[in-house]
Structures are given as structure tokens and as C-alpha cells.
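Structure first, then comments.
Just so you know, all these numbers are worked out from the coordinates, no wet-lab data involved. Since the model is a prediction, treat every value here as computed from it, not as a measurement. Here the Cβ is made from the backbone with ideal geometry for all residues, glycine too, and neighbour counts use every protein chain on show.
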Amino acid sequence: LGVGGSPSAPSSARVGVGPSARAEQSPAAVLTFVAVSKSELCEARTAALGENCSILPINLAGRKAMAEPTANVNSDWLAVLCPGDYLQEVDPGASDFKLLVVKLPVNCMPTPHIVRTVAVRVSVLTPCCGQPLQGVSLCVGGRRVGSTSADGTLEIALPPGRHVLSAPGFCSGEQLAVVEAGGPGSLDVDMPATGELFFFIQDNSHEEDVKDGLMLTGSRINIADAWFCLRFFCFCFFLLLLVLLLVLLFFIVVSSFLMIF
């Protein structure tokens, strides 16, 4: 929620018909600040403090809004995430700042709802003895969200829905975390590591002191040149395959030409 034109949002509200509304799914969702009165803002703050509150008692239909609050407009502001086509510009060029108005579809609830996140605790363990692994990079939907701590865990705040968890280079499989709206406030997910061990030689030389170190790791990512060598090998393999195909095509064309003449 923003107060007095200076947004500082401890929680966010979304315009829509529920947790699966277009406001959450649309890639064109934008953050905007809707003008409200001071009493409405206080009422929204009080309602948002309730753990079971999912809808704020404010009708946003037809309200003025701005992409960034300005002191030139004397109003309090409510931070709302909604699709960009829910906003319509008012009198373009009439003022130095861009003033918008909230235009909601007929089948859309005019009251913003709060998406409550759930703390998902992901644990990465060894497959043999269940020991925690530190420093494992975790991804949600293919995007990196952090690394495990010394106890092999990482806590992620996720909204309701189905989320695919992965640990590239450490876990061969993926885990599906299903977060239910109104369900438990926390969720535990275990991700067993692949259990692979890699030995490699690392140059530990310093100035004239030549020294090689025998290193041990559980992920190829920790081997400095492993991915470069793998990409180079794949490139050479496909290049050789392309050359062989071109040679084969050349012989086919030549043979066909000789058979004709």
C-alpha cells in the first residue's frame, strides 16, 4: 500500500475474479497506483492484516490511477497489479503526468483480491544417506530463485498454483509443488540429488610453484571447463555429421548424373 504519493508496499492487491484470474496469468500485467481516500486506505490496511482476508472492501471501477504517484495529485494510493488493458489514459497530453482511469470488464469483480503466498521449504539431500547439500542452485519454472544454505534447504514464497522445481546439475528429475489457496501456510519438498561424483584435475600452480590438485565434486557445473568442453565436443560432432551428409549428397548427385548420361 502506498501513502501520500510515496509507495511503500508491504502487500499487493490484484484486480480480478480470483486466484486464477487474468490479472495473474496475463503477461501484460502492470503495477499501477489507484487513488483512494485516506479512510479507504486505512480500512484496506486493517482488512489486509487479517490472515483470512482475500478481498479488500474497495470498489476500483472508474477510479483514477497512475503508473507512478506524484505529489501534484492530492490523494492516497493503493498499489494494484492488473492487466494493462484494464487501464485507459485520460486526456493524453493535457498534463505533465499520465493520468489513467480503471476500466474493468463486465464479468470482473471490481474489488482487488490479495494473493497469499505459501512458504515452500525445499531440501536437497544425498540419495545414499540423506545428508544436506549446501550451495545447490534451485529454479522455479526454469528461473533461478536462490541456493540452499548449510542445512541443505531454501525457503521460497510461492503463490497458489502448480510450480515445477529443479536443480540443474545436481538433480536429474524435477519436483512439482502444488500450492493450494487457503491450504496450509507451509509446504515441504524433498529433492534427492543424483549421487554422481566427478574427479577432475585443477591447476593450483602459483608463480613458479607448479602444482595440480585432484578435485572431487557432485556437479559438472563446478568443473571450470566442463561445459565449454562439452559444447565444443557437440559442435565438432554436428559439424562432422554435416560434412558427411554433404559428401553423401554429392555422391548421390554425381551418381544420378552419370546414370543419365
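The table for this structure:
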quantity	calculated
Spin-label model distance (nm) - residue 255 vs residue 240, 7 Å beyond Cα toward Cβ	2.3
Ranked by how many other beta carbons lie within 10 Å on average, peptides 204-212, 239-247, 120-128 from highest	120-128, 239-247, 204-212
